[in-house]
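Encoded as structure tokens, the structure appears first; notes follow it.
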Amino acid sequence: MNNKDYFKISNKKFKSRLIVGTGKYRNFLECANAVKSSGAEIVTVAVRRVNITNKKKPLLMDYLNPKKITYLPNTAGCFNSIDALRTLRLAREIGGWKLVKLEILGDKKTLLPDMIETLKSTEVLTKEGFQVMVYCNDDPLMAKRLENVGAVAIMPLAAPIGSGLGIQNKINIQIIKQKIKIPLLIDAGIGQASDAAIAMELGCDGVLVNSAIAKSKNPIEMAQAMKFAVISGRKSYLSGRMKKNFFGNASSPKKGII
């Protein structure tokens, strides 16, 4: 990519627009190899689920050096504001992390976000000095409200978490992109590389992928596929697609035909 086309979250700049989750892999080594293959510079870490303090058990930090890759603590598994706030405050105390991903789920069946709790928590965390990237639904009005209370990035779902269904509502994603000034990243629902490319072609600033890589038959190869898909989709978006037509339009000249 063009060196000037960097990805900026809050005050940090990144070359890669792909964020990779660290859950669901068979082991930390596979996770580390997938992250390396993806070229990602940011990885999400579920603070409630991953061992980050007990040195007698395997530590993610032994495989992914937090000095070389940005850890993004998230609140996966939280179903209310109290648990989410406690989790991120703990992450700040343990590792000094202020750039965080907020995720508050509404129910265990759909794993859709509880936007009332999410909006409330975003405002609290912002006032406490956190830089909050927010997992949310694809509602343009709610996305704008999250921006207004201080979110540094909006992360609407493409489809339910872990579903692999791809982007279900392209129109709303494009409306969100037009309404907000902060980065827009697709989070949840990506199933294959083409989904990531489509997200980038819609104008999204980045994509977060976990299950599609970790649960594939070959996570290392899929991670690389996602890397190239994000790059390709971004290039396509910046290039400006041709105008759509309802009728055929020959590519060869209409004059000078033999």
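The values are calculated or read from the model by the stated rules, or taken from the named source; none is laboratory data. Predicted, not measured: the structure shown is a model, and the values here were computed from it. Neighbour counts run over all protein chains shown; Cβ positions are idealised from the backbone, glycine included.
Confirm whether A223 is touching a strand residue (DSSP E or B) at 6+ places or on another chain (Cβ under 8 Å), assigned to a helix (DSSP H, G or I) and of a type in the set (G, A, S).
yes
Output the strands (runs of 3 or more DSSP E) that fall wholly within segment 48-147 and possess 1 or more residues being among the hydroxyl-bearing types (S, T, Y) and over 26 Å from I175 (Cα atoms), or say none.
Once the strands (runs of 3 or more DSSP E) in segment 48-147 are filtered for at least 1 residues that are among the hydroxyl-bearing types (S, T, Y) and over 26 Å from I175 (Cα atoms), what remains is 70-74.
What do you reckon, is I52 under 25 Å from V124 (Cβ atoms) and either modelled with pLDDT of 90 or more or surrounded by 16 or more Cβ atoms within 10 Å (Cβ to Cβ) (or both)?
yes
Considering only residues that are small (G, A, S) and in contact (Cβ under 8 Å) with a residue 12 or more places away in the chain, look in segment 221-258 and name the one that is surrounded by the fewest Cβ atoms within 10 Å (Cβ to Cβ). Walk me through how you get there before you give the answer.
Taking segment 221-258 first, the residues small (G, A, S) are 223, 225, 229, 232-233, 236, 239-240, 248, 250-252, 256.
Applying the additional criterion that residues be in contact (Cβ under 8 Å) with a residue 12 or more places away in the chain yields 223, 225, 229, 232-233, 236.
Values: A223: 25, A225: 21, A229: 23, S232: 16, G233: 24, S236: 14.
That would be S236.
This table checks each residue for (1) touching a Phe, Trp or Tyr at 6+ places or on another chain (Cβ under 8 Å); (2) under 26 Å from G203 (Cα atoms); (3) not aliphatic (A, V, I, L, M).
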position: S81; (1), (2), (3): no, no, yes
position: G129; (1), (2), (3): no, no, yes
position: Y135; (1), (2), (3): no, yes, yes
position: G150; (1), (2), (3): no, yes, yes
position: M155; (1), (2), (3): yes, yes, no
position: I161; (1), (2), (3): no, yes, no
position: L165; (1), (2), (3): no, yes, no
position: N169; (1), (2), (3): no, yes, yes
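I'd like the residue in segment 6-45 that is of a type in the set (S, T, N, Q) and part of a loop (DSSP other than H, G, I, E, B) and, out of all such residues, is nearest to G150 (Cα to Cα).
The qualifying residue nearest to G150 (Cα to Cα) is S10.
Going through segment 211-248 one residue at a time, which ones are of a type in the set (S, T, Y) and farther than 28 Å from L29 by Cα?
S236, Y237, S239
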